[in-house]
Amino acid sequence: MSKKKYRPGQNCEKTAKYSAYDEKGKVVNEDVDVEKGKRFPPAQEKNCYYMEQ
C-alpha cells in the first residue's frame, strides 16, 4: 500500500513526522512535524507534497 500524499495547506489527519518532496519526487525537507488537525506548511517548490516518514 502506498503512502498518502498531502499538499501544502491541506489538513493533517495524523500527528507524525513528514517529508516534503518536489514535483520530481526529490526530498526537499526530511523533518516536518505536523499535528492532527493542523495544516501542512506552505512550500516554495512548485507542486510540492508531503508524505509520512
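The values are calculated or read from the model by the stated rules, or taken from the named source; none is laboratory data. Keep in mind it's a predicted model, so treat the numbers as computed, not measured. No Cβ is skipped: glycine too gets one built from the backbone with ideal geometry, and neighbour counts run over all protein chains shown.
Listing for the model above:
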read-out	value
Strands (runs of 3 or more DSSP E) within the chain that include 1 or more residues modelled with pLDDT of 95 or more and of a type in the set (Asp, Glu)	27-34, 49-52
Selection within the chain - of a type in the set (Asp, Glu) and touching a Phe, Trp or Tyr at 6+ places or on another chain (Cβ under 6 Å)	Glu52
Counted residues, region 30-52 - those being within 9 Å of the chain's Cα centre (by Cα) and not charged (D, E, K, R)	8
Residues that are exposed (fewer than 11 other Cβ atoms within 10 Å of the Cβ) and either without any contact (Cβ under 8 Å) to a residue 24 or more places away in the chain or more than 18 Å from Asn47 (Cβ to Cβ) (or both), drawn from region 15-29	Lys24, Gly25, Lys26, Val27
